[in-house]
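Down below is the structure, laid out as structure tokens.
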Amino acid sequence: MELELKKLDLPSDNERPIVIAGPCSAETEEQVMTTARQLAEKGCHMFRAGVWKPRTKPGGFEGNGEKALPWMKQVKEETGMLTATEVATPEHVELALKYGIDILWVGARTTANPFAVQALADAMRGIDNPVFVKNPVNPDLELWIGGLERINGAGIKRLAAIHRGFSSYDKKIYRNLPMWQIPIELHRRIPDLPIICDPSHISGRRDLIAPLCQQAMDMGMDGLIVESHCDPEKAWSDAPQQVTPDVLDYILSILVIREEMQTTENIRALRKQIDEIDNQLIDILAKRMRISREIGQYKKEHGMTVVQTSRYNEIMEKRGAQGALLGIGQDCVKKIFEQIHEESVNQQIEVINK
Ligand code: PEP
Ligand code: MN
């Protein structure tokens, strides 16, 4: 299904991307107003705050609900910033609209559930507010696009995607793996759909916000949604990942927005090199597979098993270390060789069963 989109038409400064900032949760009137005033003073045009919070376990702060909506209204009246909040049920949509919330977003846990997204879409029918759809918690591009299609199907044309990373069982540096190839593929599939990066939920750590913002800009993303709190350490939710409005302003001030035009020529030449190297890589892989099949023939004639565990471990360890020496992530090299090995095994099985 093709999306029918309209310009988002959100306020931004020329030299900066679209920025939406504000606390993870609307905790108290004072916290909301203090944070909002500080952000407005730094030139921020759009204010986010969670009114209903999807917590993993009950007992965490689940948001103030309707009680917080007049505070959001006050933010808008006093500072002129547009307001944004997460909606997860038709009732949330109705209440958010009643209090004049400008931008609605669908949270990652909700996007993962098509029933819930459809119910939201039905509740949104007829509105002209921008709606942002976060990626689902699981790395499933089709599910993300499906969510966007459901909302768009209800007539919402001012649509954007938020890239907030993907949940994984083994936590590494990031709280949610960025898996940049997924938003890149989304952009390839729907070029007119703006993509906003959420470095706060990707990183889970305030010290990684700045590099992630830069990376998002370097990948050509259209905007940023960043959690900012007047007193981050005391935040009732997501405390480790929030930054003060002051720090956020600094992060934004050092962002380098690269002009695509200037580098077109250089990039073209570099891409040509990449194409050539990729061709070589594929040739070399084909050569490796041919040898693999020969080994398969040998194993067949000598009654050996296809997978020889000690040999497999030796390859993984050696290649990982070699890669690390040359500045390629050890994990990345391991993954590549796992795939190569899997294909070799398949080819050998084919030879043996012939
Ligand atoms: C949030 O933006 O505060 C939030 C709960 O995000 P996500 O849905 O990405 O987890
Ligand atoms: Mn949060």
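The values are calculated or read from the model by the stated rules, or taken from the named source; none is laboratory data. Small disclaimer: the values here were computed from a predicted structure and weren't measured. Here the Cβ positions follow ideal geometry from the backbone for every residue, glycine too, while neighbour counts run over all protein chains shown.
Quick notes
- Of all the numbered requirements in (1) touching a residue at least 60 places away in the same chain (Cβ under 8 Å); (2) in a loop (DSSP other than H, G, I, E, B); (3) away from ligand 2 (no atom under 13 Å from the Cβ), residue 248 misses one, and that requirement is (2).
- Only one entry in 184, 195 is among the β-branched types (Val, Ile, Thr), away from ligand 2 (no atom under 12 Å from the Cβ) and at pLDDT below 95, namely 184.
- Residue check: residue 31 meets all listed conditions (1) surrounded by 19 or more Cβ atoms within 10 Å (Cβ to Cβ); (2) touching a helix residue (DSSP H, G or I) at 6+ places or on another chain (Cβ under 8 Å); (3) over 29 Å from residue 155 (Cα atoms); (4) not hydrophobic (A, V, I, L, M, F, W, C) but one, namely (2).
- Every pair of residues 6+ apart whose Cβ atoms lie under 8 Å, when the first sits in the range 57-81 and is closer than 18 Å to residue 94 by Cβ while the second is basic (Lys, Arg) and surrounded by fewer than 14 Cβ atoms within 10 Å (Cβ to Cβ): 69/98
- Looking across the range 213-241, the residues that are within 15 Å of the chain's Cα centre (by Cα) and away from ligand 2 (no atom under 15 Å from the Cβ) come down to 213, 214, 215, 216, 217, 218, 219, 220, 221, 222, 223.
- For first residues located in the range 195-224 and closer than 19 Å to residue 48 by Cβ and assigned to a helix (DSSP H, G or I), partners that are within 16 Å of ligand 2 (Cβ to nearest atom) and basic (Lys, Arg) and lie 6+ apart or on another chain with Cβ distances below 6 Å form the pairs 201/164.
- Qualifying residue in the range 125-132 (condition: of a type in the set (Lys, Arg), within 16 Å of ligand 1 (Cβ to nearest atom) and in the same structural domain as residue 53 (by TED's automatic domain parsing)): no
- Residue 57 being among the charged types (D, E, K, R) and either under 22 Å from the mean Cα position of the chain (by Cα) or modelled with pLDDT of 95 or more (or both): no
- The lone criterion from (1) at pLDDT 95 or above; (2) over 19 Å from residue 135 (Cα atoms); (3) away from ligand 2 (no atom under 16 Å from the Cβ) left unmet by residue 256 is number (1).
- Taken over the range 297-348, residues that are surrounded by 11 or more Cβ atoms within 10 Å (Cβ to Cβ), in a helix (DSSP H, G or I) and either small (Gly, Ala, Ser) or not assigned by TED's automatic domain parsing to the domain that holds residue 281 (or both) amount to 5.
- Close pairs from the range 139-160: first among the polar types (S, T, N, Q), partner buried (at least 18 other Cβ atoms within 10 Å of the Cβ), Cβ under 6 Å, at least 6 apart: 152/159
- If you go through the range 25-66 and keep only what is outside any loop (DSSP other than H, G, I, E, B), touching a Gly at 6+ places or on another chain (Cβ under 9 Å) and within 15 Å of ligand 2 (Cβ to nearest atom), you end up with 25, 32, 35, 47, 48, 50.
- Flag if residue 4 is away from ligand 2 (no atom under 15 Å from the Cβ) and not assigned by TED's automatic domain parsing to the domain that holds residue 237: yes
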